[in-house]
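What follows is a single structure, written as C-alpha cells, with notes after it.
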Amino acid sequence: MPEGKLILTFVPSLVSLLLAREQSKGAPLTQQEVLEIREKATVVALPQDVAVKVATERGYRDIDADHCWDEWQRASRSHRIKIEQRLA
C-alpha cells in the first residue's frame, strides 16, 4: 500500500481547547498562553482522507498550528462578536 500524506490533527481541536481556556480564564488569552496550550495539546497524524473527514464532521476548520496566534485572534474576535449579538 503506498504511503499517503499525513496531516497533523489536534484532538480535540486546537480552537476548542483555546476557547475553553479563554472562557474559564474570563479574559483574552495571551500569546504565551496560546503557544503553551498548543504545545501541550494532543496531536495525531492522520492520513489526509481521514483528516478531511474529521474536519468535515467537526463542521469547521481548525486553527493552523504554525499560525495559531494570528488565527486565534480572528477566531476569538469572531466568537466574541457572536456572543455580543446574542446578548443584544
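The single condition among (1) over 18 Å from Arg80 (Cα atoms); (2) in contact (Cβ under 8 Å) with a residue 12 or more places away in the chain; (3) not hydrophobic (A, V, I, L, M, F, W, C) that Lys40 does not meet is (2). Return the residue satisfying two criteria in turn: it lies in the range 1-36 and is closer than 15 Å to Asp66 by Cβ and touching a strand residue (DSSP E or B) at 6+ places or on another chain (Cβ under 6 Å), and of such residues it is surrounded by the fewest Cβ atoms within 10 Å (Cβ to Cβ). Out of the qualifying residues, it is Leu8. For the residues Glu39, Glu22, Glu3, Glu33, the requirement of being more than 12 Å from the chain's Cα centre (by Cα), in a helix (DSSP H, G or I) and modelled with pLDDT under 95 singles out Glu22.
Taking the conditions (1) within 12 Å of the chain's Cα centre (by Cα); (2) at pLDDT 95 or above; (3) of a type in the set (Gly, Ala, Ser) in turn, Ser16 satisfies each one other than (2). Is there a residue in the range 49-62 that is surrounded by fewer than 16 Cβ atoms within 10 Å (Cβ to Cβ), of a type in the set (A, V, I, L, M) and outside any helix (DSSP H, G or I)? Looking for residues that are surrounded by fewer than 16 Cβ atoms within 10 Å (Cβ to Cβ), of a type in the set (A, V, I, L, M) and outside any helix (DSSP H, G or I), one finds none in the range 49-62, hence no. Against the list (1) surrounded by 15 or more Cβ atoms within 10 Å (Cβ to Cβ); (2) β-branched (Val, Ile, Thr); (3) at pLDDT below 95, the condition Ile83 fails is (1).
The values are calculated or read from the model by the stated rules, or taken from the named source; none is laboratory data. For clarity, every value in this text was computed on a predicted model and none was experimentally measured. All Cβ positions, even for glycine, are placed from backbone atoms using ideal geometry, and neighbour counts span all protein chains on display.
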